[in-house]
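I have placed the structure first, in the form of structure tokens, so that the comments after it can refer back to it.
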Amino acid sequence: MDITKKYTLSREVEANEEILSTHISHRLSIVVCITFVLAVTSVPIVQILLKGMPKEWTDDGLRTSCYMENTLTSHYQQLLTAALRSGNEKAIMGKEEGWLFYTPDVEHLLLPLQPQSVPCILDMKRQLEARGIRLVLLPTPLKPMICAHQLTDKFQPGQLLMHPEYAAWAEELRSHGITIVDPTQTLYTLNTTTPAFLRTDTHWTPEGMQAAAAQLAQVLQEDGTLLQNQSYSTMDSMVSHRGDIYTMLRLADDTDRIPPEEAGTKVVLDAAGSFHSRQRNAEILLLGDSFTNIYSVANMGWGRASGLAEQLSYLMQCPIDVISRNDGGSHSTRKMLCEDMAKGNDRLAGKKVVVWQFAMRELSTGNWEPMMFQVGDAIENPQYLVIGEGGSIATEATVAEVATIPHPSTVTYEDHVVAVHLTDIEGHPGKEALVYMLAMEKRKLLPAANIRPGDRIAVTLENWGAHETAEGTFNRSELESDITFMAEPVWADLNNIKQ
């Protein structure tokens with residue numbers, strides 16, 4: 001007889017005998033059953049009494065509107081954090097009070113680098129060189145690399161962690177003529193006297209960012225052909241905030257266990273004393289992720305006009321064009337550039353340098369799909385609504401398609417924009433529109449997250465250019481239809497849902 005089968009049968013017989021020999025009193029069985037029924041029914045009962053019926057009977061819809069999950073999770077996490085110094089799947093508690101680390105940053109050091117990154121970068125270099133444009137890479141080091149001793153006692157102060165495959169990756173690219181500005185050593189040296197990374201955030205401190213900008217500016221200034229004819233100045237400013245890793249913990253709002261941290265930024269002003277702004281006709285194009293945005297976009301909580309692009313402009317006294325998006329630095333900004341050019345907007349016209357900034361974690365987890373940067377025909381399709389610069393239209397329209405919106409508990413960044421396809425626009429017969437709406441703010445779903453195909457909505461439509469600098473940097477859910485490539489986007493503020 002098969003020994004495994006014999007053993008399995010013996011265990012089944014033993015289990016059956018144990019079940020048959022188990023005795024429970026009638027009173028206890030009633031208590032157990034009632035407790036079980038109350039536990040199962042308490043969630044929908046509390047939901048209906050306090051929040052009403054879910055708007056959508058799907059997994060996402062139930063999860064989004066679940067009162068007990070959205071209310072109790074923060075208090076449960078606060079208990080774990082206070083009693084056990086435990087984080088969650090995204091946030092790791094450091095060894096010292098207030099120090100937090102982003103889980104994917106730690107995991108990056110243990111994962112293999114993606115081999116697709118090298119041919120993707122070389123292909124981009126080839127396309128840019130064909131237009132006389134230089135490609136400069138700015139792979140940005142991660143907090144655990146520089147501040148490993150704050151993560152665990154296993155690492156000593158001043159210990160630098162590098163991915164074991166990174167040196168070979170960089171050497172291969174340099175052998176093909178790629179310029180790499182790696183600020184790892186710069187931040188490591190800075191960190192011995194001044195913190196290079198924020199305690200509660202994924203990103204560098206203003207001092208760390210400024211040091212990286214100075215290193216990058218020095219490399220770019222070796223090209224004496226760049227036009228430097230501006231008059232930028234700086235103004236000191238103080239900001240106080242709890243960082244993005246803190247928000248990932250989803251603690252109760254009134255917790256003071258992890259206090260806000262202060263940072264001193266340098267706001268960059270133009271000759272007229274106004275906040276620095278990007279210029280599309282600049283000779284330098286910066287493709288960047290949240291390391292570029294952190295001190296530039298006010299919604300990230302660390303001030304405005306003080307980020308990487310602004311510091312680079314100040315140091316070089318020249319304008320900068322910027323395409324940036326939080327997260328996905330290996331893919332998202334290249335896609336934005338590709339789509340913009342496909343619509344006839346040549347963002348590479350007049351450029352001499354493209355600086356591609358991305359977090360080093362992208363080398364192990366990013367999307368390195370090659371893309372073609374070709375200028376398409378200018379969009380002149382009368383089917384799609386276009387709002388001129390400074391224009392605003394209050395109207396009603398029907399939702400034809402809406403992109404999928406992530407649940408607040410799954411996102412890394414607090415704000416999220418959703419793409420929507422509108423048809424039957426009142427006052428504009430036969431017109432359609434690709435619109436972007438703010439669907440999540442500070443991890444709270446907004447009314448735009450509730451719209452569905454077939455809804456009739458009242459909206460105020462505005463020129464996308466007026467919102468691209470800020471809302472264009474937010475993570476965004478895109479539509480799957482071809483309208484994304486065919487229509488110029490329009491910004492929409494949702495007034496109400498008619499049905």
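Brief remarks follow.
- Strands (runs of 3 or more DSSP E) lying entirely in the range 259-372 (those with 2 or more residues that are under 25 Å from residue 125 (Cα atoms) and assigned by TED's automatic domain parsing to the domain that holds residue 118): 284-288, 321-324, 353-359
- Considering residues of the range 281-313 that are more than 12 Å from the chain's Cα centre (by Cα) and of a type in the set (D, E, K, R) only, the residue nearest to residue 442 (Cα to Cα): 304
- Pair list, Cβ under 7 Å, 6 or more apart: the range 153-167 residue farther than 10 Å from residue 110 by Cα, other residue loosely packed, with under 13 Cβ neighbours inside 10 Å: 158/192; 165/112
- Condition check for residue 389: under 29 Å from the mean Cα position of the chain (by Cα) and more than 30 Å from residue 167 (Cα to Cα): yes
Condition check ((1) surrounded by 21 or more Cβ atoms within 10 Å (Cβ to Cβ); (2) among the acidic types (Asp, Glu)) across all residues:
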| position | (1), (2) |
| --- | --- |
| 199 | yes, no |
| 202 | yes, no |
| 206 | yes, no |
| 209 | yes, no |
| 214 | no, no |
| 222 | no, yes |
| 226 | no, no |
| 233 | no, no |
| 239 | no, no |
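- Residue 189 meets the conditions (1) within 30 Å of residue 318 (Cα to Cα); (2) in a loop (DSSP other than H, G, I, E, B); (3) free of Cβ contacts under 8 Å to residues at least 60 places away in the same chain in every case but one. The failed one is (2).
- Answer from 382, 408 - the residue that is surrounded by fewer than 21 Cβ atoms within 10 Å (Cβ to Cβ) and either within 28 Å of residue 283 (Cα to Cα) or in contact with a Leu (Cβ under 8 Å, 6 or more places away or on another chain) (or both): 408
- Only listed residue being more than 25 Å from the chain's Cα centre (by Cα) and assigned to a helix (DSSP H, G or I), chosen from 213, 217: 217
- Counting the residues of the range 442-492 that are touching a helix residue (DSSP H, G or I) at 6+ places or on another chain (Cβ under 9 Å), in a strand (DSSP E or B) and among the charged types (D, E, K, R) gives 2.
The values are calculated or read from the model by the stated rules, or taken from the named source; none is laboratory data. Small disclaimer: the values here were computed from a predicted structure and weren't measured. We place every Cβ from the backbone using ideal geometry, glycine too, and count neighbours over all the protein chains shown.
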